[in-house]
Ligand code: F6R
């Protein structure tokens, strides 16, 4: 079983990682951050396994009084300024898109909270006298989800912008621990839902559909985890938008798709009633052009618990897909090669 980076151990530690980051953030000095009534928007800068923390906040934070934007690009838009609370997240601290956006946000006078293990982001924080959040070292960014998500929720809770932020984290930690116990390698055979899902997907290509804000992020992460951990193709889309375009694409070539694609439908307890109906109707319409349709239900209490539960289950599934094919889930050579080929960025 190749696992050169101890990636499975890191995955298994997610509940404790979330818990630890929650604790640490409780004592961070937030003195220089603006008061709640001085914040017009929340902006999260970050790519890949780091930026996803912003997607989680945007999806879960439906009760936030200000909009959340998650930027995954080089330049920041003109609305980012002194009244935007900006989280700049890069686990390594050196991802060029995130570093360039962070410089742009600082130049625009925005209060920026860098979250990283160090690197250029930490240097920028130092230069500008910003309080920086340090991540636990030695993980792959995508295995540091707890350390990247908790700072957002705790900071907003402590600023009084997100009163439910703390309770959401506590309930998420409880659910992740339950899911870990079901899915870790010591849980054998078909009693392990992740192992069983991976067995059913096998060498088919998963197409992951989720519904609404939570389902969209869960489906995206599920797909990304299959790509990065199993190094295998996977695709995703979200309801209701897909019912306005992608759904037409299953009208042809069913003889091919029926041998290739497994549809994985992710469900959660916060779906709009009409959304649930749309998902069922679409399933009935397209079921026959897939190898199979696999329905997955989120567990847990609260929007964060249910979203992280689906994401965590997907991570475990992707690890078993890797191991079943003798693939090491940790290294991501393609990303490393691309970053190296891009060369240094002076931006
Ligand atoms: C690696 C991973 C990648 C990185 C991304 C950005 O595990 O998931 O998606 O997160 O290349 O790098 P960082 O997170 O260091 O800013």
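Here are the numbers for the structure shown:
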{"quantity": "Quotient of C-alpha Rg and 2.2 N^0.38 Å, computed over the stretch 188-347", "calculated": "1.10"}
{"quantity": "Projected area, mean over directions - the stretch 252-347, Cα convex hull, nm²", "calculated": "10.6 nm²"}
{"quantity": "Kirkwood Rh in Å, taken over the stretch 189-284 so that all alpha-carbon pairs contribute", "calculated": "14.1 Å"}
{"quantity": "Relative packing of 137-144, 26-33, 126-133, which averages over residues the other C-beta atoms within 10 Å, highest first", "calculated": "137-144, 126-133, 26-33"}
{"quantity": "Model label zone, residue 5; criterion: amide N under 12 Å from point 7 Å along Cα-to-beta-carbon; scope the stretch 329-347", "calculated": "329-337"}
{"quantity": "Distant alpha-carbon pairs in the chain (separation over 35 angstrom), percent", "calculated": "22 percent"}
{"quantity": "Contour excess over end-to-end distance, with Cα ends at residue 283 and residue 295 and 0.36 nm allotted per residue", "calculated": "3.3 nm"}
{"quantity": "Label-point separation in nm, residue 324 to residue 74, each point 7 Å along Cα→Cβ", "calculated": "4.1 nm"}
{"quantity": "Spherically averaged projected area in nm², based on the convex hull that wraps the Cα atoms of the stretch 199-239", "calculated": "2.7 nm²"}
{"quantity": "Gain upon complete extension [residue 23, residue 107; 0.36 nm per residue less C-alpha separation]", "calculated": "27.1 nm"}
{"quantity": "Pair residue 274, residue 244: separation of 7 Å Cα→Cβ label points (nm)", "calculated": "1.2 nm"}
{"quantity": "Gaussian network model of the chain, Cα within-10 Å springs - most flexible of 192, 94, 245", "calculated": "245"}
{"quantity": "Folded to 0 to 90 degrees: helix 333-342 orientation relative to the chain principal axis, Cα", "calculated": "40 degrees"}
{"quantity": "Peptides ranked, highest mean first, by Cβ atoms within 10 Å: ranges 180-188, 313-321", "calculated": "313-321, 180-188"}
{"quantity": "Kirkwood Rh, Cα atoms: Rg over Rh of the stretch 63-127", "calculated": "0.95"}
{"quantity": "Long-range tail of P(r) for the stretch 120-241 (Cα pairs > 18 Å, %)", "calculated": "69 percent"}
{"quantity": "Order by protection proxy (mean Cβ within 10 Å, highest first), peptides 266-272, 107-113", "calculated": "266-272, 107-113"}
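No lab work stands behind these numbers, since they all come straight from the coordinates. Note that the structure is a prediction, hence the values are computed from the model and not measured. Quick reminder, even Gly has a Cβ in these numbers, built from the backbone with ideal geometry, and neighbours come from all protein chains shown.
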